[in-house]
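Single-structure report; data block below.
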Amino acid sequence: MIYTVTFNPAIDCIMQVRNLAFGKVNRAVTQEFYFGGKGVNVSYVLRNLGRTSTAWGFIAGWTGAALESALAEDGIPTDFVHLPKGNTRVNAKLKGTTAGSDDDTETAINAGGAPIDDESLEKFFQKLDKVEPGDFVILSGGVPKGTPKDIYARIMARLDGRGAYIVVDATEEVLLQSLPYKPFLVKPNDEELAEITGCNPLDEQALIEGARQLHDQGAQNVLVSRGGLGSLLLDATGNLQTAPVIKGTLVNSVGAGDSVVAGFVEGFVRATESGADEATAYQQAYKLAQACGSATAFSPGLAPATLVNELLERLES
């Protein structure tokens with residue numbers, strides 16, 4: 001089983017506008033709704049790749065019910081904790097031109113999440129008892145204000161000794177506190193790694209040394225995304241791989257990092273299911289991670305399977 005955990009899921013309302021004028025009534029050209037949050041994004045990409053995962057986390061109010069219903073309609077199993085107060089956040093994103101300019105811009109207003117009370121948190125921890133050896137638990141994104149910063153570490157402590165693969169896609173203190181529990185994968189970008197280790201984000205060798213620091217502190221696999229400069233992977237065997245960015249037209253960067261996580265997990269699972277050795281499994285996981293991240297970047301949505309396969313063939317040729 002694969003479980004994705006999103007403490008602070010969201011509904012993104014994206015409106016296309018022309019000649020946006022602040023302080024006046026504006027008419028949207030288009031309006032679309034996307035149901036997400038980092039862990040939810042991972043579940044969507046895994047679904048596109050043909051892999052079932054269960055979305056865990058916290059939802060609240062009528063917006064939370066809408067998100068839960070949307071995921072069910074899209075074929076993603078859920079087992080959310082329903083919070084007693086508040087609503088799952090709705091983020092507003094305005095894309096288009098502003099008055100007096102022909103340049104396209106995006107203005108985003110991100111809401112805070114509903115507070116997580118102690119009783120709801122305990123309900124979530126009880127769900128962790130379902131995790132069995134060989135399962136994946138993917139912890140992604142930030143947590144609502146007031147939630148303990150060591151929450152990921154507490155989850156990993158609860159799972160310690162279960163034989164599960166834990167993935168942590170978080171930043172700064174949340175990530176650092178998870179390292180003693182030896183997460184299977186951490187995925188900082190270059191700027192995040194620089195904040196944690198003090199390395200130069202523009203210096204590849206410095207980033208490699210920063211990745212080694214996380215590796216030495218417990219992370220099994222450290223995958224560092226570098227935007228237009230590509231990425232690098234220091235895997236659990238100590239092997240280092242680097243890759244340039246896949247060439248293509250950038251359409252959308254939202255969810256690209258989540259797609260990388262989904263691709264790495266799916267690639268590793270496929271390789272181990274086929275009987276590949278550990279080193280080969282990490283090589284294949286890294287390639288699928290690159291293909292998924294780029295497929296999202298080159299598309300309006302999350303990692304279409306057809307494009308993922310095209311890019312994967314390009315990497316393997």
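Distance in nm between label sites at Asp117 and Ala28, each 7 Å beyond Cα in the beta-carbon direction?
Result: 3.2 nm between the two label points.
If you filter region 232-310 for trypsin sites (Lys or Arg not before Pro), then keep DSSP loop positions with at most 16 other Cβ within 10 Å, what is left?
Lys247
Over all pairs of distinct alpha carbons, what does the Kirkwood formula give as the hydrodynamic radius of region 1-64, in Å?
For region 1-64, inverting the mean 1/r across all distinct Cα pairs yields 13.9 Å.
In nm², what is the average projected area of the convex hull enclosing the Cα atoms of region 64-170?
9.5 nm²
With the Cα gyration tensor of the chain in hand, convert its eigenvalues to equivalent ellipsoid semi-axes via √(5λ) and list them largest first in whole Å.
Semi-axes (√(5λ), whole Å): 30, 25, 19.
Can you give the helix-only mean residue ellipticity at 222 nm for the chain, where every DSSP H stretch with n ≥ 4 adds -39500 (n - 2.57) and the sum goes over all residues, rounded to the nearest 500 deg cm²/dmol?
The per-residue figure over the chain is -11500 deg cm²/dmol.
Karplus couplings for region 103-112 from phi (6.51 cos²θ - 1.76 cosθ + 1.60, θ = phi - 60°), rounded to Hz, Gly and Pro as x?
7, 6, 9, 10, 10, 10, 10, 9, 8, x
Taking 0.36 nm per residue of separation and subtracting the Cα-Cα distance, what length does fully extending Ser253 through Asp160 add?
30.1 nm
Across region 234-251, in residue order, what do the Karplus-derived ³J(HN,Hα) couplings come to in whole Hz, using 6.51 cos²θ - 1.76 cosθ + 1.60 with θ = phi - 60° and x for Gly and Pro?
Those phi angles translate into 9, 8, 5, 7, x, 6, 9, 10, 10, 8, x, 5, 6, 6, x, 8, 5, 10 Hz.
What are the ³J(HN,Hα) couplings of region 163-171, residue after residue, when phi is run through the Karplus curve with 6.51, -1.76, 1.60 and θ = phi - 60°? Round to Hz, x for glycine and proline.
Couplings: x, 8, 8, 10, 10, 10, 10, 8, 10 Hz.
Let me see the P(r) profile for region 1-147: every Cα-Cα distance counted, bins of 10 Å, each bin given as a percent of all pairs.
Whole-percent P(r) values from 0 Å outward: 11, 36, 29, 16, 6, 1.
Select from region 63-143 those trypsin sites (Lys or Arg not before Pro) which occupy a DSSP coil region and have at most 15 other Cβ atoms within 10 Å, ordered by residue number.
Loop-located and lightly packed - Lys85.
Name all residues of region 209-232 having a backbone nitrogen under 20 Å from the label point set 7 Å from the Cα of Asn91 along its Cα→Cβ direction, giving them as ranges.
Label zone hits: 225-228.
Can you list, largest first and rounded to whole Å, the semi-axes you get for region 170-317 by taking the square root of 5 times each eigenvalue of its Cα gyration tensor?
23, 18, 13
Between Tyr165 and residues 5 or more places away or on another chain, which pairs have amide H atoms under 5 Å apart, with H built 1.01 Å from N, and which residues are they?
Residues meeting the criterion, in which the H sits 1.01 Å from N, are Gly134, Asp135, Phe136, Val137.
Given the C-alpha centroids of region 1-59 and region 231-261, what is the distance between them in whole angstrom?
22 Å
Can you list the residues, at least 5 places off or on another chain, whose amide H is less than 5 Å from the amide H of Asn189, using H built in the peptide plane?
Here Ser225 satisfy the definition.
Give the shape of region 230-273 as rounded, prolate or oblate, defined through the alpha-carbon gyration tensor: a ≥ b ≥ c are the square roots of its eigenvalues, a/c under 1.5 means rounded, and otherwise the shape is prolate if a/b is larger than b/c and oblate if not.
Since a/c reaches 1.5 but b/c is at least a/b, the shape of region 230-273 is classed as oblate.
Would you calculate the separation in nanometres between label points at Ala72 and Glu313, each defined as 7 Å from the Cα along the Cα-to-beta-carbon direction?
About 3.9 nm, to one decimal.
Taking K and R as +1 and D and E as -1, what net charge do the other residues with C-beta under 9 Å from the C-beta of Val42 add up to?
-1
Within region 1-43, report the trypsin sites (Lys or Arg not before Pro) that DSSP leaves as loop and that have at most 15 other Cβ atoms within 10 Å.
Filter output for region 1-43: Lys24, Arg27.
Could you list which residues have their amide H under 5 Å from that of Thr78, counting only those 5 or more apart in sequence or on another chain, with H placed in the peptide plane?
Those lying under 5 Å, H to H, from Thr78 are Ala55.
If I stretch the segment between Glu106 and Asn19 completely, what's the gain in nm (0.36 nm per residue apart, minus their alpha carbon distance), one decimal?
Roughly 30.1 nm would be gained on extension.
How much length is gained if the chain between Thr306 and Glu278 is pulled fully straight, taking 0.36 nm per residue apart and subtracting their Cα-Cα distance, in nm to one decimal?
Stretched fully, the Thr306-Glu278 segment lengthens by 7.4 nm.
Every number here is computed from the coordinates shown, using simple stated rules; none is lab data. Not measured: the values here are computed from a predicted model. When we count neighbours, we look across all protein chains shown, and the Cβ atoms used for this are built from the backbone with ideal geometry, even at glycine.
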